[in-house]
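Chemist: Take this structure first; my questions come after.
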Protein chains: 2
Amino acid sequence: MAESPDRRSSDIDEAIMQATYRALHEHGYAGLTMQRIADEYGKSTAAIHYHYDTKEDLLAAFLDYLLERFREAVHEVETTDPEQRLQLLLDQLIVDPGDHHGLLIAMLEMRSQAPYNETFRERFRQNDEYIRYLLETVIDHGNEAGVFAGVDPEHTARTLLTVVDGARTRAVVLEERTALETARRAVEEYVDAVVLA
Amino acid sequence: MAESPDRRSSDIDEAIMQATYRALHEHGYAGLTMQRIADEYGKSTAAIHYHYDTKEDLLAAFLDYLLERFREAVHEVETTDPEQRLQLLLDQLIVDPGDHHGLLIAMLEMRSQAPYNETFRERFRQNDEYIRYLLETVIDHGNEAGVFAGVDPEHTARTLLTVVDGARTRAVVLEERTALETARRAVEEYVDAVVLA
């Protein structure tokens with residue numbers, strides 16, 4: 001049976017997103033052009049423009065794509081135990097970039113453009129809001145279950161994300177190899193000493 | 001008595017740094033040109049080029065200038081009591097930018113260029129190393145005095161700076177108004193629960 005048009009369209013999107021990922025990884029944000037994405041995609045720039053009007057549209061879709069991948073990873077976290085769930089969320093947030101250091105670099109460039117680029121700014125805000133919502137929900141749950149020490153869910157979520165964002169910035173700016181390890185250990189200490197009952 | 005040539009030269013440097021500060025604040029890093037700095041300085045671009053060959057040289061000097069101002073503020077912290085000294089250092093690091101939000105934005109743009117710009121990268125590393133040294137010294141001292149809980153000075157310093165850098169990033173990217181308050185409260189909680197004996 002032939003695939004549905006929807007399915008085919010989403011395969012094309014996936015291929016363009018993968019090409020964007022590789023082009024960003026290789027050339028960075030400042031060096032990213034539709035031509036380089038097309039080269040990675042193995043087709044003409046027209047084939048990309050057919051789906052995305054501008055580079056900015058494509059990059060907005062790419063940020064959505066990264067968030068979607070994160071959501072999928074998070075949905076695999078099936079546990080409802082608050083402490084375990086918080087730890088697993090933190091594991092997802094503080095991932096060793098491994099071979100993906102170039103992506104961290106490109107993301108920081110895009111982040112630094114947020115004050116000048118409303119599309120980026122809105123995406124970064126939505127991402128942050130979604131992740132905060134996940135964290136606040138599990139913290140609420142832990143407080144109610146008496147496993148957490150009745151901490152302020154909003155402040156706690158913002159604190160944990162501040163550590164995550166600090167580690168990502170330091171990994172790029174200072175090439176601090178241990179930035180993510182430091183962050184993982186720091187949130188562990190904070191959770192043990194402040195969050196847990 | 002006439003001022004010494006050294007004194008006059010340092011007055012000129014100061015005036016150019018102030019002009020760079022205002023130009024960065026107003027136009028951001030991407031919009032910064034020698035012409036705009038010269039406009040703020042009230043002289044020709046040639047007058048600036050006489051002191052700084054390139055924009056990059058000038059920005060490297062500007063980063064040094066900011067660090068020097070930070071050092072001066074830190075040197076006013078005369079107390080040797082480890083807990084008080086740590087708190088005062090953290091106060092200096094987590095300053096409400098107030099009217100200087102534009103400078104935070106420009107700094108993040110420069111930071112995001114560190115992977116591509118060795119001059120910037122070296123400055124940011126030196127700054128970070130210096131501040132880490134100050135923090136590690138006071139933590140060592142607190143451990144020895146028995147006021148701190150024998151914590152790892154390097155990890156603790158890196159953790160505190162991760163929170164600072166995360167707050168600065170979030171203040172710019174998300175326009176999170178409470179980013180610095182969150183950071184101040186978070187380091188307070190961390191110090192109380194983890195660092196203090």
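Chemist: Could you tell me how many of the residues in the stretch B:25-41 are modelled with pLDDT of 95 or more and either outside any helix (DSSP H, G or I) or exposed (fewer than 15 other Cβ atoms within 10 Å of the Cβ) (or both)?
Modeler: Qualifying residue count for the region: 1.
Chemist: While we're looking at this one, here's another question. For the stretch A:92-112, which positions are of a type in the set (Asp, Glu) and without any contact (Cβ under 8 Å) to a residue 40 or more places away in the chain?
Modeler: Looking only at the stretch A:92-112, we keep the residues that are of a type in the set (Asp, Glu), and these are A:96, A:99, A:109.
Scanning the stretch A:92-112 gives a single hit, A:Asp99.
Chemist: Sticking with this structure for a sec: If A:Ala15 passes every condition in (1) over 23 Å from the mean Cα position of the chain (by Cα); (2) of a type in the set (A, V, I, L, M); (3) at pLDDT 90 or above; (4) open to solvent by 30 Å² or more (accessible area, probe 1.4 Å) but one, which one does it miss?
Modeler: The single condition A:Ala15 does not satisfy is (1).
Chemist: For residues in the stretch A:146-180 being more than 9 Å from chain B (Cβ to nearest Cβ) and under 28 Å from B:Gln126 (Cβ atoms), which is least open to solvent (accessible area, probe 1.4 Å)?
Modeler: A:Ala171
Chemist: Could I ask something else about it? Here's a check for you: in the stretch A:74-91, which residue that is modelled with pLDDT under 90 and surrounded by 14 or more Cβ atoms within 10 Å (Cβ to Cβ) is nearest to B:Tyr116 (Cα to Cα)? Write out each step before concluding.
Modeler: Restricting attention to the stretch A:74-91, the residues satisfying the condition of being modelled with pLDDT under 90 are A:74-80.
Pick out the ones that are also surrounded by 14 or more Cβ atoms within 10 Å (Cβ to Cβ) and you get A:74, A:77.
Working: A:Val74: 33, A:Val77: 37 Å.
It comes out as A:Val74.
Chemist: Separate question: If you go through the stretch B:181-197 one residue at a time, how many are closer than 19 Å to B:Leu135 by Cβ and at the interface with chain A (Cβ under 7 Å from one of its Cβ atoms)? Write out each step before concluding.
Modeler: Of all residues in the stretch B:181-197, those closer than 19 Å to B:Leu135 by Cβ come to B:183-197.
Remaining after also requiring at the interface with chain A (Cβ under 7 Å from one of its Cβ atoms): B:183, B:185-186, B:189-190, B:193-194.
Qualifying residue count, the stretch B:181-197: 7.
Chemist: While we're on this one: So A:Thr79 clears everything in (1) away from chain B (no Cβ under 14 Å); (2) touching a residue at least 12 places away in the same chain (Cβ under 8 Å) except one condition, right? Which one?
Modeler: (2)
Here's the yes/no breakdown for (1) of a type in the set (Val, Ile, Thr); (2) out of contact with any Cys (no Cβ under 8 Å at 6 or more places or on another chain); (3) closer than 23 Å to A:Ile105 by Cα:
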position	(1), (2), (3)
B:Phe124	no, yes, yes
B:Val138	yes, yes, no
B:Ala149	no, yes, no
B:His155	no, yes, no
B:Arg158	no, yes, yes
B:Ala186	no, yes, no
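Chemist: Could you tell me whether any residue of the stretch B:145-160 is farther than 15 Å from A:Thr169 by Cβ and under 18 Å from the mean Cα position of the chain (by Cα)?
Modeler: Within the stretch B:145-160, one or more residues are farther than 15 Å from A:Thr169 by Cβ and under 18 Å from the mean Cα position of the chain (by Cα).
Chemist: So B:Pro115 passes all but one of these: (1) free of Cβ contacts under 8 Å to residues at least 60 places away in the same chain; (2) open to solvent by less than 70 Å² (accessible area, probe 1.4 Å); (3) within 14 Å of chain A (Cβ to nearest Cβ); (4) closer than 19 Å to B:Ala186 by Cα. Which condition number does it fail?
Modeler: With respect to (1) free of Cβ contacts under 8 Å to residues at least 60 places away in the same chain; (2) open to solvent by less than 70 Å² (accessible area, probe 1.4 Å); (3) within 14 Å of chain A (Cβ to nearest Cβ); (4) closer than 19 Å to B:Ala186 by Cα, B:Pro115 is out only on (4).
Chemist: For B:Asn143, are the conditions met, namely being polar (S, T, N, Q) and under 30 Å from A:Asn127 (Cβ atoms)?
Modeler: The answer is no for B:Asn143.
The values are calculated or read from the model by the stated rules, or taken from the named source; none is laboratory data. Source: prediction; values computed, not measured. Glycine also receives a Cβ, built like all others from the backbone with ideal geometry; neighbour counts cover every protein chain displayed. In case anyone asks, the SASA skips ligands and DNA or RNA and just uses the protein heavy atoms, side chains included. Shrake-Rupley method; radii C 1.70, N 1.55, O 1.52, S 1.80 Å.
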